[in-house]
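Take this structure first; my questions come after.
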Amino acid sequence: MTTQATTFEFKTEAKELLDLMIHSVYSHKEIFLRELISNASDAIDKLRFEALTRDDLRRFTTDPHIRLETDVKERTLTISDNGIGMNRDEIIQYIGTIAKSGTKDFGKLLKEAKGKEFTPELIGQFGVGFYSSFMVADKVTLISRRAGDDKASKWESSGDGTYSVSDADRFEPGTTVTLHLKPIDKDEKDQEGAEDVQDFTTEWTIREIVRKYSDFVQYPIRMKTERKEIERDEKGKPKEGAVEKTVVEDQTLNSMKAIWVRPEKDVTESEYKEFYKHISHDWNDPMKWITYRAESATNEFKSLLYLPGKAGHELFMNEAQRGIHLYIKRVFIMSDCKDLIPEYLRFVKGVVDSEDLSLNISREILQQNRQIQNIRKAVTRKVLDTLKGIRQDDREKFAGFWKEFGRIVKEGLFKEPADREKLFEVCVFPSTASTTEMTTLDEYISRMKPDQKQIYYMTGESRQAIEASPHLEAFRDKGYEVLLLSDPIDEIWIQFVYDFEEKGMQSAAKGVADLGTEEERKKAEEDRKSKETTYKTMLECLKAKLTEHVKDVRLSSRLTSSVSCLVGDVQDMSPQMEQLLKATGKDVPKVKRILELNPKHPLLDKLQGIFDKNKDDERLSEYAGLLFGQAILAEGGKLPDPATFNKKLIELMVNAL
Ligand code: ADP
């Protein structure tokens, strides 16, 4: 029963990617099989999970397996599974479109990829497993039937810009992918030597690939194999008159051994890496793996956890999945179990295999289960300890990790207050102490001045912008270290963390900066008071001119060379936070800050001179506006009225000449 096929066009970017695949000259094309087997194994996982709550699907789960078939004459390789399958819409959605295409990263990657060797690392970044088939096939046919449906659908494409979808027949739920293999390229053969060119219709080749990449897959990967047999005598010689027979039998190509159960010393590095690629669908090697067994009386579990090398963009999307699979006594229960790991570690991949949980645990019960909560705690601690270890032993490696995942880890500082202490052993921040090295809060404290009671930080758009802001002048002058927090997430966690090891967290752009020894501070305070008496009425006049923009005008103890800056009260929202909230569409009340003026700056005496002569001198109002405007510019902010600011500035320039 095959009806007319409907033809669809691939989106432009998918088309370009396919074109790259088809023409790739990459020599390890064999990995396409790993991808298809992974998809098949996931599909079986999904069916088993759905069957937990759907009695009608249970009968399809009795003999889960993957089958490989080759046809030498037709030059085809077929991979089929009896997993969840897909209906027509799902085929169009999952196979007909590339999830990531259309994102900014995807377009950029495509541009970079053109003309380069199409290595797995590169292919992996596109987040396509299925399409890797086009490295070896010039036509791919997929027939699938969703478990619970009575109809099957067929998808077919020659990778030439279109694909077709039609009705099809399939006896049981699952998916069959048939690759119409490209002819063996003679040139390629000559170039690389005959051994290097693989023929994916030969049993031996397939067997080797499965052993290398998919040995641990927990469902049998079966293939019909042929072997010649002849009757032999006791000495092993062929019996007289015996005829050689061809025996065809089903063989399971993989050992199916759970990698986390095997003793660590027996598992090779490449097996660990391949397992990571299998469960994560990442084509890059992981940065590190952690084997961890907990064996307390009430909580026994084994786990194998991976820290990826690169952060996929899906980690930054809403509702990003968390990558820990749950097994109970070697039986797969569910993938991406979010109760096993906090959200701020959602990039961690791996498996947890519990000995104590009951096999028929349901998804709802998982959340409240004590055992699960204990596993989550232990796994979190283990990961954080490991990260701390890497930070201490291999700063460079840690820097690479932090660049990719730091902003996700920092979410934990406000999402999981209970983990905060441990998190601060991991988190590092740029600071004025070094242009290359980041610092932990502990390290910061070790460098604090004897009389320093607070940890100083400043938030801003970039390190450069923060460093250039006038707020840091006195800190720099007096040798106080300031953390330079330029990640948007820093704006958020810093609102929740008031202190660390009894040292308050204090923004350099908020409150009064009282730096120096007790004596110095006393003297500075006296100085300021006396100057304040001198300038009092003039400052009040400036304040009156700026009421729309600032809540006060006062003398500053943090400026050494600049004339003015804007500061908030300790509890005020920072301008960056204000912007961040506005960007999310929130209605944010305007935060008025305080304009601080540098008492040592010659401009103040000049203004006082004008003021003394005539309190209503128009220039006072203009200068007030300019001082406010340049304080905003100095911190890299946006002027509320740039045109007026400009006009006044030009007038001032003309008058000065
Ligand atoms: P990935 O596996 O990395 O998500 P793929 O391009 O390999 O990317 O597959 C896209 C999607 O197609 C999968 O996430 C899955 O939903 C679906 N899919 C692929 N192969 C199968 C299969 N054998 N059975 C059921 N669904 C499949």
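The values are calculated or read from the model by the stated rules, or taken from the named source; none is laboratory data. A quick note: this is a predicted structure, and the numbers were derived from the prediction, not measured. Neighbour counts run over all protein chains shown; Cβ positions are idealised from the backbone, glycine included.
Looking for something in a loop (DSSP other than H, G, I, E, B) and either within 22 Å of Val331 (Cβ to Cβ) or in contact with a helix residue (DSSP H, G or I) (Cβ under 7 Å, 6 or more places away or on another chain) (or both) - is there at least one such residue anywhere in segment 263-280?
Yes, some residue in segment 263-280 is in a loop (DSSP other than H, G, I, E, B) and either within 22 Å of Val331 (Cβ to Cβ) or in contact with a helix residue (DSSP H, G or I) (Cβ under 7 Å, 6 or more places away or on another chain) (or both).
Another question, if that's okay. What tally of residues in segment 554-572 results from selecting those that are farther than 20 Å from Gly516 by Cα and of a type in the set (S, T, N, Q)?
The number of residues fulfilling the criteria is 2.
Let me ask you something else. Checking the conditions here, which among Leu483, Leu472 is of a type in the set (A, V, I, L, M) and touching a Phe, Trp or Tyr at 6+ places or on another chain (Cβ under 6 Å)? Before you say what the answer is, go through the steps one by one.
Working: Leu472 fails: touching a Phe, Trp or Tyr at 6+ places or on another chain (Cβ under 6 Å).
Only one candidate qualifies: Leu483.
Can I ask one more? Restricting the first residue to segment 37-49 and requiring it to be assigned by TED's automatic domain parsing to the domain that holds Arg207 and within 8 Å of the ligand (Cβ to nearest atom), which pairs with a second residue that is modelled with pLDDT of 90 or more and among the aliphatic types (A, V, I, L, M) meet a Cβ separation below 8 Å and a spacing of at least six or different chains?
Sorted first by the residue in segment 37-49, then by its partner, the pairs are Ser38/Val217; Ala40/Ile66; Ala40/Ile79; Ala43/Ile84; Lys46/Ile84.
Here is a further query. Please go through segment 257-290 and pick out each residue that is within 16 Å of the ligand (Cβ to nearest atom) and polar (S, T, N, Q).
Ser280, Asn284
Next question, about the same structure. Give me a count of the residues in segment 630-657 that are assigned to a helix (DSSP H, G or I) and closer than 19 Å to Arg619 by Cβ.
Number satisfying all stated conditions: 15.
Same structure, new question: Got at least one residue in segment 578-586 being touching a strand residue (DSSP E or B) at 6+ places or on another chain (Cβ under 7 Å) and either acidic (Asp, Glu) or part of a loop (DSSP other than H, G, I, E, B) (or both)?
no
So, Arg554, is that one outside any helix (DSSP H, G or I), basic (Lys, Arg) and within 30 Å of Ser446 (Cβ to Cβ) or not?
no
Out of everything in segment 569-604 that is surrounded by 13 or more Cβ atoms within 10 Å (Cβ to Cβ) and free of Cβ contacts under 8 Å to residues at least 24 places away in the same chain, what residue ends up being farthest from Lys531 (Cα to Cα)?
Leu581
Can you tell me which of (1) under 20 Å from the mean Cα position of the chain (by Cα); (2) over 30 Å from Leu485 (Cβ atoms) is the one Gly406 doesn't meet?
Here Gly406 clears every test but (2).
Scan segment 125-156 residue by residue and report those that are within 13 Å of the ligand (Cβ to nearest atom) and among the small types (Gly, Ala, Ser).
Matches in segment 125-156: Gly127, Gly129, Ser132, Ser133, Ser144, Ala147, Ala152, Ser153.
Within segment 52-93, take every residue that is part of a helix (DSSP H, G or I) and touching a residue at least 12 places away in the same chain (Cβ under 8 Å) and give me the one that is farthest from the ligand (Cβ to nearest atom). Even if it seems obvious, please write down each step before you answer.
The initial filter retains those residues of segment 52-93 that are part of a helix (DSSP H, G or I), namely 55-61, 88-93.
From the residues that got through so far, the ones that are touching a residue at least 12 places away in the same chain (Cβ under 8 Å) too are 56-57, 60-61, 88, 90-92.
Values: Asp56: 18, Leu57: 14, Phe60: 13, Thr61: 15, Arg88: 13, Glu90: 7, Ile91: 8, Ile92: 11 Å.
The residue in question is Asp56.
A further question on this structure: Residues in segment 475-485: is at least one surrounded by fewer than 19 Cβ atoms within 10 Å (Cβ to Cβ) and assigned to a helix (DSSP H, G or I)?
To start, the set of residues in segment 475-485 that are surrounded by fewer than 19 Cβ atoms within 10 Å (Cβ to Cβ) comprises 476-479.
With the extra rule that they be assigned to a helix (DSSP H, G or I), the set shrinks to 476-477.
Yes, segment 475-485 has at least one match.
Any residue in segment 211-222 that is closer than 10 Å to Met256 by Cα sitting within a Cβ distance under 7 Å of a residue that is crowded, with 21+ Cβ neighbours inside 10 Å and aromatic (Phe, Trp, Tyr)? List the pairs, counting only those 6 or more apart or interchain.
Partner pairs satisfying both residue conditions: Phe216/Phe275.
Going residue by residue through segment 527-538, is there one that turns out to be within 45 Å of the chain's Cα centre (by Cα), surrounded by 13 or more Cβ atoms within 10 Å (Cβ to Cβ) and not acidic (Asp, Glu)?
no
List the strands (runs of 3 or more DSSP E) inside segment 143-183, counting only whole elements, that have at least 1 residues being basic (Lys, Arg).
Once the strands (runs of 3 or more DSSP E) in segment 143-183 are filtered for at least 1 residues that are basic (Lys, Arg), what remains is 152-157.
Looking at (1) at pLDDT 75 or above; (2) within 13 Å of the ligand (Cβ to nearest atom), which is the only condition Ser101 fails?
It is condition (1) that Ser101 fails.
Here's another thing I want to ask about it. Can you tell me how many residues in segment 630-653 are free of Cβ contacts under 8 Å to residues at least 40 places away in the same chain and under 23 Å from Ala465 (Cβ atoms)?
Adding up the residues that qualify gives 8.
Which of the residues belonging to segment 608-629 are more than 22 Å from His471 (Cβ to Cβ), touching a helix residue (DSSP H, G or I) at 6+ places or on another chain (Cβ under 9 Å), assigned to a helix (DSSP H, G or I) and not acidic (Asp, Glu)?
Once the filter is applied, which keeps residues that are more than 22 Å from His471 (Cβ to Cβ), touching a helix residue (DSSP H, G or I) at 6+ places or on another chain (Cβ under 9 Å), assigned to a helix (DSSP H, G or I) and not acidic (Asp, Glu), segment 608-629 yields Gln608, Ile610, Phe611, Arg619, Leu620, Ser621.
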